[in-house]
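Here's the structure, in structure tokens; my notes come after.
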Amino acid sequence: MFKKIALSVATLAVASTAVFAASHAGPFDAAIKARQAQMELYQYNLVILGGMAQGKIEYNAEAATAAANNLAALVNLDQSTYWPAGSDSSAVEGTRALPALWEDFPGVMAEAGKLSEGAAAMQTAAGGGLESLQGALGPIGAACGGCHKAYRASE
């Protein structure tokens, strides 16, 4: 009986702590964490593809194809809730998203379209040999850089 009561009290304490922490989180914390996680996953897969393209990682068609497929899947996730208005670097700590992102939504969508096209081309190219992979990497890098230069604060 004592073990059941102790377990119930411990469970209640853990749950109360989680509720307290969530109630004190900023209103944009989850969205900012989600978009930063998305960027980390982009980076993870691009490090594999870029490493192969640069000769830092031995080219492997299966690994390249898997990374390209991951990248294409990530690009196609619905990210609309990751970017609530007011979650930019001038209003919230812990993000590098510039206010310009919300001020120039058509420009953001154009860059997102370029990334989507680049990821689709990489899916086709990644398993077709090192030269094919290398040729498909440039448009992805340009799309990433275009968005980051315009809409992300430097470190």
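The values are calculated or read from the model by the stated rules, or taken from the named source; none is laboratory data. Fair warning: this is a prediction, and the values are worked out from it, not measured in the lab. All Cβ positions, even for glycine, are placed from backbone atoms using ideal geometry, and neighbour counts span all protein chains on display. Note: areas computed on protein heavy atoms with side chains; ligands, DNA, RNA excluded. Shrake-Rupley method; radii C 1.70, N 1.55, O 1.52, S 1.80 Å.
For the reader, a short list of remarks on this structure follows.
- Of all residues making up the range 82-102, the number that are surrounded by 14 or more Cβ atoms within 10 Å (Cβ to Cβ) and assigned to a loop (DSSP other than H, G, I, E, B): 10
- Neighbours by Cβ (under 9 Å, 6+ apart or cross-chain): first from the range 43-62, open to solvent by less than 40 Å² (accessible area, probe 1.4 Å); second among the basic types (Lys, Arg): Gly50/Lys56
- Residue check for Glu117: part of a helix (DSSP H, G or I) and open to solvent by 30 Å² or more (accessible area, probe 1.4 Å): yes
- Of all residues in the range 120-131, those satisfying the criterion of being more than 23 Å from Leu41 (Cβ to Cβ) and either touching a Pro at 6+ places or on another chain (Cβ under 6 Å) or in a helix (DSSP H, G or I) (or both) are Gly128, Leu130, Glu131.
- Filtered residues of the range 120-142 (kept if in contact with a Lys or Arg (Cβ under 9 Å, 6 or more places away or on another chain) and open to solvent by 50 Å² or more (accessible area, probe 1.4 Å)): Pro139, Ala142
- Only one entry in Val75, Val108 is modelled with pLDDT under 95, crowded, with 17+ Cβ neighbours inside 10 Å and hydrophobic (A, V, I, L, M, F, W, C), namely Val108.
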